[in-house]
Amino acid sequence: MVAELPPNQRAWLRDSEPLTLHGSTAIVEVPNDFTRNQIEGRLRGSLEKSLGEIFHKEIRIAVTVNPDLDVTPDPDTQAILISEREIAAADAAAAAALQQQNAFPNQSAFPHQSVYPPSSPGLISGVPPANTPHEDAPAAYAPPQAPIAPPPAQQPAPPAGHEDVRPGYGDLSTNPPPQVAPVEEPVPPRPLVPGPPTRPSEPSHNVLETRLNPKYTFETFVIGSSNRFPHAAAVAVSEAPGKAYNPLLVYGESGLGKTHLLHAIGHYVRSLYSGAKVRYVSSEEFTNEFINAIRDDRQDRFKRRYRDVDVLLIDDIQFLEGKTQTQEEFFHTFNTLHNANKQIVLTSDRPPKRLEALEDRLRNRFEWGLITDVQPPDIETRIAILRKKAAMERLTAPPDVLEFIASKIQTNIRELEGALIRVTAFANLNRQDVDLTLAEIVLKDLIPEGGEPEITAGLIIAQTAAYFGLSIDELTGPSRGRHLVMARQIAMYLCRELTEDSLPKIGKHFGGRDHTTVMYAERKINQLLAERRAVFNQVSELTNRVKMQARQG
Ligand SMILES: Nc1ncnc2c1ncn2[C@@H]1O[C@H](COP(=O)(O)OP(=O)(O)OP(=O)(O)O)[C@@H](O)[C@H]1O
């Protein structure tokens, strides 16, 4: 296959190395951004097709930059450097050839025998990236004690949980040397500067400005088999922003830790690189801000806000679906950042392929980097998460209670944490110890027999309004009477706990309130549950009513 490529494309492959195969993602290392862009933009389709034929399954390529691979061209090679125009002409010819499906015949640059062997005994399996925890049973991220050697020249580590396949491209070694020296990437305008050595777990300064939740760090994130790969990828992009995988896209169902990982990346980057500009936003907020910018004729400010960052963390990109103008704006934001080698990290509830109402060109870009998913945690991870949560919030619960809760709530970590809070709050109010009997009583209300009925925000709002003797307009309107505010906060809390709606979406149900108001309500009610019996009873009773109503349809 390689022999049939034009010289410049051969150079791109010659200088790259297949690194790992994780599930259906093949990770390829290249020496610089230029090569990465070329492989992603021009060779990806053909390489994925060839690999798919070899492995008899769909394979995606994720390209990561390892500057150590960069080779200085020797004088002989320099002598045959061809001009940009010739490169472009060769590329056009190659593209035409690829279209005819001739560029990658059966002979492959990734021969089955030597590359990505399914279980090669001599290869290191599941090598954790630098600074990531050991492969033990679920454990929280343990930050290195020594100052972190910051990463510009550091090789982005492969996500753990896969096979190391460094031996090279097999048949490439027998190929004649490439005709073209690799073209150097342009120097990025403002490189990230390694900062003072702080521990990655330290919440960064200006968290308000970056809008990062100080509780969502790698240190508080529990690693298990369901999230080991996305966690490792998140650490890798934090250590080498714009170099490791760009974009990184993490997808998965609600409440499985995607937002937590985004925030953790933000904190870690800021602890490694002084002055790094990190911005976290949900795609709903991005949309709202964009609409407001048009309304107020402040598009320039909007553009600056999102294009002048080093790391852009965008949550829940599925909400961009169907919003043509916002997609257009985001497309340009994405391009500007990607061209400047700025890191983009995205989360979604589905893989990009299934974001059908998204423009092809955007979906296509989302597929450029590394795509990885979070799965529901296994029982050991759920127990470890509960233990960590209990320790962090100083909640006392014996191991058998934690195991019981973990066995009952299997698919959503937010619900898992909510259950722990309710059990301990109930015990606290009754001045009782937390034990199994008590946990069973509390969880009986929380988990109905025979599966979960679908609960909507509308149902919660209607039930809450009726329960407190209010009208729906009062509950969702602007009035800030004390009684009203409490009822509203309980309704918001229940929306967060019982539905999969995002914070901005819940805010919308309550007269277009900001997502931070919903966050505040959630925190406040969580706290009051343990302090005020009346609130605990109201929340429990309302939960029952809502669930009963949902079951009756
Ligand atoms: N591996 C984990 N370790 C510790 N806590 C976790 C882990 N995964 C999730 N959580 C916690 O579970 C809660 C829900 O996680 P998060 O909000 O990140 O989920 P999400 O996947 O973004 O959900 P959604 O799609 O609904 O926004 C958070 O409090 C988070 O800290």
Checklist line | Subset tally (residues that are of a type outside the set (A, V, I, L, M, F, W, C) and assigned to a loop (DSSP other than H, G, I, E, B)) for segment 388-439 | finding: 11
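Residue-wise test of (1) within 26 Å of ASP315 (Cα to Cα); (2) at pLDDT below 90; (3) open to solvent by less than 30 Å² (accessible area, probe 1.4 Å).
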residue	(1), (2), (3)
ASP473	no, no, no
ARG480	no, yes, no
MET492	yes, no, yes
SER502	yes, yes, yes
HIS509	yes, no, no
MET519	yes, no, no
GLU522	yes, no, no
ILE525	yes, no, yes
Margin query: Looking at segment 348-368, can you tell me whether even one residue there is among the polar types (S, T, N, Q), in contact (Cβ under 8 Å) with a residue 40 or more places away in the chain and assigned to a strand (DSSP E or B)?
Written below: yes
Note to self: If a residue must be open to solvent by 10 Å² or more (accessible area, probe 1.4 Å) and within 16 Å of the ligand (Cβ to nearest atom), how many such residues does segment 265-276 contain?
What the structure shows: 0
Note to self: Regarding segment 251-258, can at least one residue be identified that is in contact (Cβ under 8 Å) with a residue 40 or more places away in the chain, open to solvent by 40 Å² or more (accessible area, probe 1.4 Å), within 22 Å of LYS215 (Cβ to Cβ) and of a type outside the set (A, V, I, L, M, F, W, C)?
What the structure shows: yes
Next item on the list: Sort out which residues of segment 409-432 are away from the ligand (no atom under 16 Å from the Cβ) and either in contact (Cβ under 8 Å) with a residue 12 or more places away in the chain or under 23 Å from LEU494 (Cβ atoms) (or both), and write them in order of number.
Entry: VAL423, ALA425, PHE426, ALA427, ASN428, LEU429, ASN430
Note to self: Among the listed residues SER225, SER238, identify the single one that is at pLDDT 55 or above, within 21 Å of the chain's Cα centre (by Cα) and open to solvent by 40 Å² or more (accessible area, probe 1.4 Å).
What the structure shows: SER225
Note to self: Need the failing condition index for SER471 against (1) within 16 Å of LEU542 (Cβ to Cβ); (2) over 36 Å from the mean Cα position of the chain (by Cα); (3) of a type in the set (Gly, Ala, Ser), just the number.
What the structure shows: (1)
Next item on the list: Can you give me the number of residues within segment 358-388 that are farther than 17 Å from ALA234 by Cα and away from the ligand (no atom under 13 Å from the Cβ)?
Entry: 9
Checklist line | Residues of segment 327-357 that turn out to be away from the ligand (no atom under 16 Å from the Cβ) and open to solvent by 10 Å² or more (accessible area, probe 1.4 Å), as a count | finding: 13
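Residues of segment 211-264 being among the hydrophobic types (A, V, I, L, M, F, W, C) and within 12 Å of the ligand (Cβ to nearest atom), which ones?
Across segment 211-264, the qualifying residues are PHE218, PHE221, VAL222, ILE223, ALA234, VAL250, LEU256, LEU261, LEU262, ALA264.
The values are calculated or read from the model by the stated rules, or taken from the named source; none is laboratory data. Everything numeric here is computed off the predicted structure, so don't read it as measured data. In this analysis, Cβ positions are derived from the backbone assuming ideal geometry, glycine residues included, and neighbour counts consider all displayed protein chains. Remember, those area values only see protein heavy atoms, side chains included, never the ligands or the DNA or RNA. Shrake-Rupley method; radii C 1.70, N 1.55, O 1.52, S 1.80 Å.
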